[in-house]
1. Regarding Ser35, is this residue under 22 Å from Lys150 (Cβ atoms) and hydroxyl-bearing (Ser, Thr, Tyr)?
2. Which one is surrounded by the most Cβ atoms within 10 Å (Cβ to Cβ), of the residues in region 47-74 that are within 17 Å of Val133 (Cα to Cα) and in contact (Cβ under 8 Å) with a residue 24 or more places away in the chain?
3. Please work out if Tyr122 is under 27 Å from Gln43 (Cα atoms), aromatic (Phe, Trp, Tyr) and at pLDDT below 90.
4. Look through Glu74, Glu82 and report the one residue that is charged (D, E, K, R) and either outside any helix (DSSP H, G or I) or closer than 17 Å to Arg113 by Cα (or both).
5. Take region 107-164 and flag every residue that is acidic (Asp, Glu) and part of a helix (DSSP H, G or I).
6. Looking at this structure, is Lys109 surrounded by fewer than 18 Cβ atoms within 10 Å (Cβ to Cβ) and out of contact with any Leu (no Cβ under 9 Å at 6 or more places or on another chain)?
7. Determine which single condition Asn75 fails, assuming it passes every other condition in (1) closer than 22 Å to Tyr17 by Cβ; (2) among the polar types (S, T, N, Q); (3) at pLDDT 95 or above.
Amino acid sequence: MGVFATGERTQAQAPAYTAPAATLAQLMKGILYPSANVFLSVQTGNPDDVPPAKDPSTAANPLASTYGKWEAVENSSLAIAEAATLLTIPGRKCSNGLSVPIRDPNWPKLVQRLRDAGILGYRAAQSRNHGKVLEAADALNAACTTCHDKYRDKTSHAISCPAD
């Protein structure tokens, strides 16, 4: 609750809706792609073996940052799960300028598969069990591939949405 100069109390109000700032491709490049790379790096190495950066607070590599190693893998998995929700916000555009197909009956299934893969990745990262991590990596790869096969241009990597 907020307090006004008069001492009157009121309930906090949600911010007004504004159109999404990022395109679908920008979400992919800014959140999903880097987060997936952090998680998938566990397929070929143990996060505990990543040395901290000279200055971990400014590290470009999340695995070598202040919140690195397995915590970076956990956080990246959660970022994937949370970013899935951003894929369902009305008004977001694809690379071709058309709206993200949130009304397509398959879209929520694709988004849920991504969200589930993120949660599975988080649990696998928490376990520090390489077998579980590999299973979660397979789930994430499958979620990404299913959507990319339908919406991503194979040569330009642009994400093109169909007309409604």
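1. Answer is yes for this residue.
2. Val73
3. No; evaluated as a whole, the condition is false for this residue.
4. Glu82
5. Selection gives Asp116, Glu135, Asp138, Asp149.
6. The answer is yes for Lys109.
7. (1)
Yes/no per residue for (1) in contact with a Ser or Thr (Cβ under 8 Å, 6 or more places away or on another chain); (2) over 18 Å from Ile159 (Cα atoms):
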{"residue": "Ala25", "(1), (2)": "yes, no"}
{"residue": "Phe39", "(1), (2)": "yes, yes"}
{"residue": "Thr44", "(1), (2)": "no, yes"}
{"residue": "Ala64", "(1), (2)": "no, yes"}
{"residue": "Glu71", "(1), (2)": "no, yes"}
{"residue": "Glu82", "(1), (2)": "no, yes"}
{"residue": "Gly97", "(1), (2)": "no, no"}
{"residue": "Arg103", "(1), (2)": "no, no"}
{"residue": "Asn106", "(1), (2)": "no, no"}
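The values are calculated or read from the model by the stated rules, or taken from the named source; none is laboratory data. Quick caveat: nothing in here was measured; it's all calculated off a predicted structure. Backbone-built Cβ (ideal geometry, glycine too); neighbour counts: all protein chains shown.
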